[in-house]
1. Quick one: if the Förster radius is 22 Å, what FRET efficiency do residue 56 and residue 9 give, using the C-beta to C-beta distance and rounding to 0.05?
2. Using the Kirkwood formula over every pair of different C-alpha atoms, what hydrodynamic radius in Å results for the chain?
3. If you fit an axis through the alpha-carbon atoms of helix 16-25 and take the longest principal axis of the Cα set of the chain, what angle between them do you get, 0 to 90°, nearest 10?
4. Which residue, 18, 29, 54, has the most motion in a Gaussian network model of the chain that connects Cα atoms within less than 10 Å?
5. Residues with amide H under 5 Å of residue 32's amide H, sequence separation 5 or more or different chain, H placed in the peptide plane at 1.01 Å from N; which?
6. Using unit Cβ charges (K, R positive; D, E negative) and no other charged atoms, how large, in debye to the nearest 20, is the dipole of the chain about its Cα centre?
Amino acid sequence: ELDSEYAVLHPQLCMDDGERFLREVLKPGARYVIGACDPRMQKKMFRDAFADKGMDVKKDMTPLDIRDMTTDAAIEKVSTALREMGVEADV
């Protein structure tokens, strides 16, 4: 439904495995919209994974807090973030 190359669902991204997972999938030159826990916590937890790939967590990641949202509300929040990045995101 959204104009993006990939969408990945990770059941516990803000837990121990999240940083390891990101180290495997991050690619320099790409922007990442991550829906997970508190955005401030995401920046702290994921900064090393981004740095290891030569990326800047503040520039290359748009963190979204989607805890306790319905699927429709989470999709709308991601759509809004994509539109703000200049990506077509009609749902």
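Any read-out appearing in this document is the output of simple, stated calculations on the displayed coordinates, not a laboratory observation. Just so it is clear, the structure is predicted and the values come from calculations on it, not from any experiment. Please note: Cβ atoms are built from the backbone with ideal geometry, for glycine as well, and neighbour counts cover all protein chains shown.
1. Working: r = 25 Å, r/R0 = 1.12.
After rounding, the FRET efficiency stands at 0.35.
2. On the way: mean 1/r = 0.0742 Å⁻¹.
After inverting the pairwise mean of 1/r, the radius is 13.5 Å.
3. That helix lies at roughly 80 degrees to the long axis.
4. 29
5. Sorted by chain and number, the residues that satisfy this are 61, 62.
6. Numbers: 14 positive and 19 negative charges, 102 e Å.
Here the chain has a charge dipole of around 480 debye.
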